[in-house]
């Protein structure tokens, strides 16, 4: 069975247009089959975007899907340099289209299996990790993030409390110098970790 967190080129292609308003600006996204939450911006991503505070410039959108987080953050801060990554080639292609279509010049997307193709450090990592990929993948994305953050860099994560959110938070407290639950709603937790 195919999933959005693998690179399945056999999934039928069908573009879907999604409108989303972020900080008063209406953005338009092309989504497609084989991408997480292809028909709408999911609850967790919406909560994360409306909670996060970006004060630094070099940002990694980890597991970008069709690019909602990266495009929103880059469009709201022209000083930010946003790199979006996903293992799914279709997702990366859509994200790059969505940067262009929304006239966002300070963001781009590349294919990477988590951190494999990355050779730089970031001020901020943002992720809505793919729970269905399993605990090992989620922990690799979140806990290994410390190795890709600059000093005092931040990681922002949204995860469901009933899908391992509290155990992930406890593990983050042991890895990061500081971790806190910044927001919670409808079983979703927004967690911030600081290196």
Is there a residue in segment 35-52 that is farther than 28 Å from residue 185 by Cβ, touching a helix residue (DSSP H, G or I) at 6+ places or on another chain (Cβ under 7 Å) and either at pLDDT 95 or above or part of a strand (DSSP E or B) (or both)?
no
Can you find a residue that is in contact (Cβ under 8 Å) with a residue 24 or more places away in the chain, out of contact with any helix residue (DSSP H, G or I) (no Cβ under 8 Å at 6 or more places or on another chain), assigned to a helix (DSSP H, G or I) and exposed (fewer than 15 other Cβ atoms within 10 Å of the Cβ) anywhere in segment 172-187?
no
Assess whether residue 19 counts as being over 22 Å from residue 183 (Cβ atoms) and surrounded by fewer than 24 Cβ atoms within 10 Å (Cβ to Cβ).
yes
Please give the number of the condition residue 55 fails out of (1) out of contact with any helix residue (DSSP H, G or I) (no Cβ under 9 Å at 6 or more places or on another chain); (2) surrounded by 15 or more Cβ atoms within 10 Å (Cβ to Cβ); (3) farther than 23 Å from residue 133 by Cβ; (4) at pLDDT below 95.
(2)
Take segment 76-100 and flag every residue that is touching a strand residue (DSSP E or B) at 6+ places or on another chain (Cβ under 6 Å) and assigned to a helix (DSSP H, G or I).
89, 92, 94, 95, 96, 97, 98, 99
Residue 16 meets each of (1) modelled with pLDDT of 95 or more; (2) over 19 Å from residue 190 (Cβ atoms) with one exception, condition (1)
Since residue 130 meets every condition but one in (1) closer than 22 Å to residue 42 by Cβ; (2) surrounded by fewer than 24 Cβ atoms within 10 Å (Cβ to Cβ); (3) at pLDDT 95 or above; (4) in contact with a helix residue (DSSP H, G or I) (Cβ under 9 Å, 6 or more places away or on another chain), which condition does it not meet?
(3)
Can you tell me which residue is surrounded by the fewest Cβ atoms within 10 Å (Cβ to Cβ) among those in segment 133-162 that are outside any helix (DSSP H, G or I) and out of contact with any strand residue (DSSP E or B) (no Cβ under 9 Å at 6 or more places or on another chain)?
151
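The values are calculated or read from the model by the stated rules, or taken from the named source; none is laboratory data. Everything numeric here is computed off the predicted structure, so don't read it as measured data. Note that we place each Cβ from the backbone using ideal geometry, even for glycine, and neighbour counts take in every protein chain shown.
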